[in-house]
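Values quoted throughout were computed directly from the atomic coordinates according to the rules given, and no laboratory measurement underlies them. If you're wondering where the values come from, they're calculated on a predicted model, not measured in any experiment. Note that we place each Cβ from the backbone using ideal geometry, even for glycine, and neighbour counts take in every protein chain shown.
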């Protein structure tokens, strides 16, 4: 797909970073550590709880650490464990998940070449992602792609979470580009696509499953940008 843009913004999780595979590894370690059965069902449960409690963090009703603890407690209860662990125990179990998830951190295979090509062409590049600065920058450093972008804008750092218009407009202002001259690439139809378009940016959905209809990217290798 061809676009005209001076800058390209990328979402991180499930756009550049394979979050789903990482999360599966974390939940697998958690299920094994707890001696549970029903791995596939518990994987789905974790994904649902992650979305629910991370949204509450973005809303500001839970801190980042509180949403982790709430997610873990709900997961243990959903798994049928009759437990009321304290904060330390919840943190310990989350550490089991996190260690395995971090061990599986990986970028999608089309990422490095795409970013390097865009950078070589003189296109300004940024990551616009919901989450904490330390964690999201840490992911990019671990993936070896931090040096391929100009800046990382997290919801924690900007004070605005996608799909809010400001989550996109703050990066535009920081890079000195008009919203209409920016293309945002992401996997979430609401947070990424609707949010970016409301802010006046161009936007394109990444659908690596191949199930979405319409003008979407199934691989970043099909992304072509010129000024």
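Order of 15, 123 from fewest to most other C-beta atoms within 10 Å? Please report the intermediate quantities before stating the final value.
Details: 15 24, 123 18.
The most exposed by this proxy come first: 123, 15.
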Quiz prompt | Full-extension gain in nm, residue 48 to residue 180, via 0.36 nm per residue minus C-alpha separation | solution = 44.1 nm
Quiz item: Over all Cα pairs of the stretch 20-103, how is the pair count split among 5 Å bins, expressed in % and running from 0 up to the last occupied bin?
Solution: 3, 16, 27, 29, 19, 6, 1
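Based only on other Cβ atoms within 10 Å, what is the fewest-to-most ordering of 92, 11, 192?
Details: 92 12, 11 23, 192 30.
In increasing order of surrounding Cβ atoms, one gets 92, 11, 192.
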Quiz item: Where does helix 39-59 land angle-wise versus the long Cα axis of the chain, in degrees 0 to 90, nearest 10?
Solution: 60 degrees
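Run the numbers on the chain and let me know its relative contact order in percent, using alpha-carbon pairs under 8 Å that are six or more apart.
Details: 361 pairs, mean separation 63.9, N = 227.
28 percent.
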Practice problem: Sort out for me the Cα centre separation of the stretch 131-177 from the stretch 1-65, rounded to whole Å. | Solution: 17 Å
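Residue 55 to residue 218: FRET efficiency via 1/(1 + (r/R0)^6), r the Cβ-Cβ distance, R0 30 Å, to the nearest 0.05? Don't skip to the end; give the middle numbers.
Numbers: r = 27 Å, r/R0 = 0.90.
For R0 = 30 Å, the calculated efficiency reads 0.65.
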Quiz item: Roughly how compact is the chain, stated as its Cα Rg over 2.2 N^0.38 Å to two decimals?
Solution: 1.06
Self-check item: Helix axis angle, 111-120 relative to the chain longest principal axis, alpha carbon, degrees
Solution: 30 degrees
Quiz item: Pairing the Cα long axis of helix 19-34 with the longest principal axis of the chain, what angle in degrees results, from 0 to 90 and rounded to the nearest 10?
Solution: 10 degrees
